[in-house]
Amino acid sequence: MRRRGILHAELSAALARLGHTDRVVVADCGLPIPAGPQVVDLAFSFGVPTFLQVLDGLLAELVVESALVATEVDASNPSCAAALAERLPQARRIPHEELKWLLCGAKLVVRTGEASPYANVVLRCGVPF
């Protein structure tokens, strides 16, 4: 039994396989996920687990060199936009349609139970050195 960190075996293993420049998507429960990336579905019910709970857990484990969020989050989900700005101040905004297109090249998508609009982020993995 691990003392801390991510306990979900499939997610923990997927994170261990990530390398520099790999993309990880933290997705709300409504984001359409294309065939291709590995999907770890954590959604239990609407709102469980939340986008921010999952994002915080991943940020504690990953080195992130850049992040992308949908431009639409600012107007449609200001509380999420503020939380993202606090956690990922370097995050660049792109149109939601472009963000969805980037999912095809993602290595991993982690689906949450989040049920608020545009609560999605694409993380690009960095290295700790």
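The values are calculated or read from the model by the stated rules, or taken from the named source; none is laboratory data. None of these values were measured; they are calculated from a predicted model. Here the Cβ positions follow ideal geometry from the backbone for every residue, glycine too, while neighbour counts run over all protein chains shown.
Can you confirm whether residue 114 is over 18 Å from residue 20 (Cβ atoms) and not in a helix (DSSP H, G or I)? Answer is yes for this residue. Scanning region 1-22 for residues that are of a type in the set (Ser, Thr, Tyr) and at positive phi yields a total of 1.
When we screen 19, 5, 57, 47 for residues that are under 12 Å from the mean Cα position of the chain (by Cα) and either in contact (Cβ under 8 Å) with a residue 40 or more places away in the chain or under 16 Å from residue 121 (Cβ atoms) (or both), the only hit is 57. When residues in region 66-98 are screened for being in a loop (DSSP other than H, G, I, E, B), surrounded by 11 or more Cβ atoms within 10 Å (Cβ to Cβ) and without any contact (Cβ under 8 Å) to a residue 40 or more places away in the chain, 4 of them pass. Is it fair to say residue 119 is of a type outside the set (Phe, Trp, Tyr), crowded, with 16+ Cβ neighbours inside 10 Å and more than 22 Å from residue 16 (Cα to Cα)? Criteria met by residue 119. Taking the conditions (1) in contact with a strand residue (DSSP E or B) (Cβ under 6 Å, 6 or more places away or on another chain); (2) crowded, with 18+ Cβ neighbours inside 10 Å; (3) closer than 25 Å to residue 95 by Cα; (4) among the aliphatic types (A, V, I, L, M) in turn, residue 31 satisfies each one other than (1).
Exactly one residue among 60, 67, 81, 119 is over 22 Å from residue 15 (Cα atoms) and aliphatic (A, V, I, L, M), and that residue is 81. For beta carbons closer than 9 Å, sequence separation of 6+ or different chains, a first residue in region 107-129 that is within 8 Å of residue 25 (Cα to Cα) and modelled with pLDDT of 95 or more and a second that is of a type in the set (Phe, Trp, Tyr) and crowded, with 20+ Cβ neighbours inside 10 Å, the qualifying pairs are 120/51; 121/51.
Report the residue count in region 99-110 for those that are part of a strand (DSSP E or B) and closer than 10 Å to residue 120 by Cβ. Number satisfying all stated conditions: 1.
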